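**Q** Attaching a single structure in structure tokens format; questions to follow.
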Amino acid sequence: MKMIVVQHNDVEGPGLIKNWAIKHHYDLDIKRPDQGDSLAEIRPDQFDFLLILGGNQSANDPLKWLQDERNLIKRTAKAGLPIYGACLGGQEISKAFGGMVVHSTAKEIGWLPVKNVSGDSNIPDQMTVFHWHGEDFTLPANAKLLFSTKVDDKQGFMLGDHIVALQFHLEMTPEEVKKLTDFDADFIKESDAPNAIQQTAEEMNAKEIPSDNEKVLDYLLDQITKN
């Protein structure tokens, strides 16, 4: 089986999702639209799973490949294939199905809590996850809310049986956290304001990855691929 992985920069890769993919016999095919890889001609009969990762772009940027990405999301959903989006990927899913991406009331940067509001007892009531965003999504029609924070009550949703979009990152490894804090250090500096909820790069890199993260990640991936 093949998993199309849409990656938007050099540092936000599939991370822990790669472990799940190997266990379930997926080959990863990484596409880099930011480097010129075309998404416009990819057909759903050419793959089995669509993964849209985070990035330093905005879903509202006037870039043709972002629209091509949303069109790919819609083609994939129409074919009934599983789709998972993290951060920018989650925002692209929201926008593809009529949601909006708006500026956050407060930027969330670092290891911060999210609350499980899904009613699913297989997910802990509260988790500490990695945030790196200054924009939020709204829920598309018929989406089921999964997670919230005090700052943003829309941190993740499920759409139908095969689509999950999260505002945060469950897939991050320690190596990727370090790469991101180096690669996008200006984002931390620019966000150093009273309306930002954030940690320093040192605090982010000192944090061990909570074991719940990969367990919940695997559970969500299992849920959208089980039918």
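**Q** Could you tell me the relative contact order of the chain? Use alpha-carbon pairs under 8 Å, at least six residues apart, and round to a whole percent.
**A** 19 percent
**Q** Okay, moving on. Compare the Cα positions of F183, V151, M172 along the charge dipole of the range 135-227 (+1 at Cβ of Lys, Arg; -1 at Cβ of Asp, Glu; about the Cα centre) and return the one farthest towards the positive end.
**A** Sorting the options by dipole projection puts first V151.
**Q** Next up: Counting helices only, and only those DSSP H runs with n ≥ 4, report the 222 nm mean residue ellipticity of the chain as the sum of -39,500 (n - 2.57) divided by its residues, in deg cm²/dmol to the nearest 500.
**A** Values: 7 runs with 68 residues, N = 227.
-8500 deg cm²/dmol, from helical runs alone.
**Q** Tell me, what is the Rg over Rh of the range 19-129, with Rh the Kirkwood radius over Cα pairs? Could you put the intermediate results ahead of the total?
**A** Values: Rg = 15.6 Å, Rh = 15.9 Å.
So for the range 19-129, dividing Rg by the Kirkwood Rh gives 0.98.
**Q** Could you give the dipole magnitude of the chain about its Cα centre, charging the beta-carbon of Lys and Arg +1 and that of Asp and Glu -1, in debye to the nearest 20? Write out the running numbers ahead of the final one.
**A** Details: 23 positive and 36 negative charges, 151 e Å.
For the chain, the charge dipole is close to 720 debye.
**Q** OK, next. Please identify the GluC sites (Glu not before Pro) of the range 114-221 that satisfy two criteria: DSSP loop assignment and at most 10 other Cβ atoms within 10 Å. Which are they?
**A** Details: sites: E135, E171, E175, E176, E190, E202, E203, E208, E214; in loops: E171, E208.
When the GluC sites (Glu not before Pro) of the range 114-221 are filtered for loop state and at most 10 Cβ neighbours within 10 Å, E208 remain.
**Q** Could you give the angle, 0 to 90 degrees to the nearest 10, between helix 211-225's Cα long axis and the longest principal axis of the Cα atoms of the chain?
**A** 20 degrees
**Q** Post the alpha-carbon centroid distance, the range 151-227 to the range 48-90, in whole angstrom.
**A** 17 Å
**Q** Taking the chain as the region of interest, what is the percent of Cα-Cα pairs per 10 angstrom bin, listed from the shortest bin to the one with the maximum distance?
**A** 8, 37, 40, 15, 1
**Q** Okay, moving on. Mind sorting E92, E12 by how few other Cβ atoms lie within 10 Å of their own Cβ, fewest first?
**A** Ascending number of Cβ neighbours within 10 Å: E12, E92.
**Q** At most 16 other Cβ atoms within 10 Å and a DSSP loop assignment: could you name the trypsin sites (Lys or Arg not before Pro) in the range 150-222 that fit? Write out the running numbers ahead of the final one.
**A** Details: sites: K150, K154, K178, K179, K189, K207, K215; in loops: K150, K154, K207.
Passing sites in the range 150-222 are K150, K207.
**Q** Straight-line reach from K74: which aspartates and glutamates have Cα under 17 Å away, leaving out those fewer than 8 places along the same chain?
**A** Those aspartates and glutamates meeting the cut-off are E41, D45, D48, E92, D161.
**Q** Still on this model: Using the structure shown, list the pairs from K95/K144; K23/K179; K107/K189; K115/K150; K23/K226 with a Cα-Cα distance above 18 Å, or answer none.
**A** Working: K95/K144 15 Å; K23/K179 25 Å; K107/K189 12 Å; K115/K150 9 Å; K23/K226 14 Å.
From K95/K144; K23/K179; K107/K189; K115/K150; K23/K226, over 18 Å: K23/K179.
No value in this document is a laboratory result; all are computed from the given coordinates. Everything numeric here is computed off the predicted structure, so don't read it as measured data. Cβ coordinates were reconstructed from backbone atoms using ideal geometry, including for glycine residues, and neighbour counts include every protein chain displayed.
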